[in-house]
Every structure is written in structure tokens, then in C-alpha cells.
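See structure below.
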Amino acid sequence: TVTFAGPASGYGNWIKISHEGDVVTTYGHMYTAGLLVRTGDLVQAGQQIGAVGAAGDSTGCHLHFEVLVAGSYVDPRVFLAEHGVQTGMQS
């Protein structure tokens, strides 16, 4: 469930999604036109929710991605790998 989609200070535009198991993911730096979901939307794995941008405090186009479990930040690469997702993400 999308719990927030809109402007968020240094993040430009931000999307926050609440998942099962007390997991929250956040995505930032999208332009307003890059927000493809709204607060309250139910989303599915693989669904496009936004488009990369450089809004907010950014030095170029990229996607800011965070994973929180029970309110604590975890390494997204490790979390995704533990859940069978191969990302090709770079550090």
C-alpha cells in the first residue's frame, strides 16, 4: 500500500510503500510527473510506480531507494537477495 506519494524536501518527490511483515520501502528524487501512484494505492510486485528524476537535493538523475524493517534501515541489496531478487544494483 502506498502510504505517501508527493513532495518531500531534499528527496524531491518521494514514494513510501508499506509491505507485509513490517517492511517499508521508499523511493526518492522523482519529478512530479514521475509519480505514477497516489497515496492509498495498492501496488503489485513489478508494477512501475515512478520514473527516475533529479528533483530535490540531487546531482543527477538517479533513484534513491531505502528499505526499513521494523523501523530500522537495512541494506537493500542484502534484503532483496534474501528474498530472491537479483538487482544488479551498484553501491
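The values are calculated or read from the model by the stated rules, or taken from the named source; none is laboratory data. Keep in mind the model is a prediction, meaning the values are calculated, not measured. Glycine gets a Cβ as well: all are built from the backbone with ideal geometry, and neighbour counts include every protein chain shown. These accessible areas exclude ligands, DNA and RNA; they are computed on the full protein's heavy atoms, side chains included. Shrake-Rupley method; radii C 1.70, N 1.55, O 1.52, S 1.80 Å.
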Identify the single condition in (1) modelled with pLDDT of 95 or more; (2) open to solvent by 60 Å² or more (accessible area, probe 1.4 Å); (3) assigned to a loop (DSSP other than H, G, I, E, B) that residue 3 does not satisfy, given that it satisfies every other one. (3)
Return yes or no: is residue 70 free of Cβ contacts under 8 Å to residues at least 24 places away in the same chain, open to solvent by less than 80 Å² (accessible area, probe 1.4 Å) and in contact with a strand residue (DSSP E or B) (Cβ under 9 Å, 6 or more places away or on another chain)? no
Taking interchain pairs and intrachain pairs at least six residues apart, which have beta carbon atoms under 8 angstrom, with the first residue in segment 23-41 and closer than 21 Å to residue 72 by Cα and the second assigned to a loop (DSSP other than H, G, I, E, B) and acidic (Asp, Glu)? none
Looking at segment 6-54, which of its residues are modelled with pLDDT of 95 or more, among the aliphatic types (A, V, I, L, M) and surrounded by 15 or more Cβ atoms within 10 Å (Cβ to Cβ)? 15, 17, 23, 24, 35, 36, 37, 43, 49
Please work out if residue 81 is open to solvent by 60 Å² or more (accessible area, probe 1.4 Å), without any contact (Cβ under 8 Å) to a residue 40 or more places away in the chain and on the phi < 0 side of the Ramachandran plot. no
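Just checking, does segment 13-23 include any residue being among the hydroxyl-bearing types (Ser, Thr, Tyr) and touching a Ser or Thr at 6+ places or on another chain (Cβ under 9 Å)? Talk me through it step by step, then tell me what you get.
From segment 13-23, those among the hydroxyl-bearing types (Ser, Thr, Tyr) are 18; that's our starting set.
Pick out the ones that are also touching a Ser or Thr at 6+ places or on another chain (Cβ under 9 Å) and you get 18.
Yes, some residue in segment 13-23 is among the hydroxyl-bearing types (Ser, Thr, Tyr) and touching a Ser or Thr at 6+ places or on another chain (Cβ under 9 Å).
Filter segment 24-45 for residues that are of a type in the set (Gly, Ala, Ser) and assigned to a loop (DSSP other than H, G, I, E, B); which is farthest from the chain's Cα centre (by Cα)? Walk me through how you get there before you give the answer.
First pass over segment 24-45, keeping only residues of a type in the set (Gly, Ala, Ser): 28, 33-34, 40, 45.
Retained after the next criterion (residues that are assigned to a loop (DSSP other than H, G, I, E, B)): 40, 45.
Working: 40: 15, 45: 12 Å.
Step by step, filter segment 24-45, then rank; the result is 40.
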